[in-house]
Structure formats: C-alpha cells, structure tokens
1. For the chain, what's the relative contact order in percent, using C-alpha pairs closer than 8 Å and at least 6 residues apart?
2. Before rounding to the nearest 500, sum -39500 (n - 2.57) across all DSSP H runs of length at least 4 in the chain and divide by the residue total; then give [θ] at 222 nm in deg cm²/dmol.
3. Looking only at segment 5-19, which residues have a backbone nitrogen under 19 Å from a spot 7 Å from the Cα of GLU48 in the C-beta direction?
4. Taking only Cα atoms, what is the 0 to 90° angle, nearest 10, from helix 51-66's long axis to the longest principal axis of the chain?
5. Report the normalised scattering of the chain as log10 I(q)/I(0) at q = 0.15, 0.19, 0.23, 0.26 Å⁻¹, calculated by the Debye formula with identical scatterers on the alpha carbons.
6. As a quick test, which of the pairs LYS4/LYS33; LYS5/LYS56; LYS32/LYS63; LYS10/LYS35; LYS10/LYS47; LYS2/LYS63 have an alpha carbon distance above 22 angstrom in this structure?
7. Explain nothing, just the number: dipole magnitude of segment 11-64 about its Cα centre with +1 on each Lys and Arg Cβ and -1 on each Asp and Glu Cβ, in debye rounded to the nearest 20.
Amino acid sequence: MKLKKELLRKSHLYLIADKRVAGNRPIFNIVKKIKGLGVNLIQLRDKESPKWSILKYAYILRKLLSHSQ
C-alpha cells in the first residue's frame with residue numbers, strides 16, 4: 001500500500017485504460033498515442049477477460065511502455 005501511495009504522489013498524469021470503455025479501439029493504439037505526452041502511470045482495467053488474458057495484455061503494455069523511456 002505504501003508503494004501505491006508513493007506512485008500516486010509522484011504521478012502527474014494518470015490514465016485508466018478500460019477495455020470496455022475503449023470499445024473497438026485497441027488499448028495498445030490508445031497507449032501508443034499518449035506515449036510521451038506526460039502520462040507516467042497507467043491502470044489497465046478489464047473486468048470481463050480471463051485473468052491469464054489480462055496478465056498477458058499487461059506484460060505487452062509494459063514492454064511497449066518500457067521502450068518509450
């Protein structure tokens with residue numbers, strides 16, 4: 001919990017990437033567009049997919065974002 005509070009305190013712009021809200025737009029495309037625009041914390045939200053699918057998606061997003069640093 002302490003780490004979470006510290007991340008929130010240091011974050012300047014926080015994006016919640018919700019698969020349901022994104023609709024037909026892939027989250028990857030949304031994240032690619034905001035990369036480099038000051039977003040330094042992203043929460044992936046998907047309440048419908050199986051856990052293994054969400055985890056796979058999260059790893060891909062992390063890899064995509066790590067290349068932007």
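Values in this text are rule-based calculations from the coordinates and carry no lab data. As the structure is a computational prediction, the values presented were derived from the model and not from experiment. A quick note on method: Cβ atoms are made from the backbone with ideal geometry, for glycine too, and the neighbour counts reach across all protein chains shown.
1. Once normalised by length, the contact order is 36 percent.
2. Computed mean residue ellipticity for the chain: -15500 deg cm²/dmol.
3. Only 16-19 fall inside the zone, counting backbone N under 19 Å.
4. Once rounded, the angle reads 50 degrees.
5. Ignoring solvent entirely, the Cα scatterers give -0.52, -0.83, -1.15, -1.31.
6. Long pairs (Cα-Cα over 22 Å): LYS4/LYS33; LYS5/LYS56; LYS10/LYS47; LYS2/LYS63.
7. 140 debye
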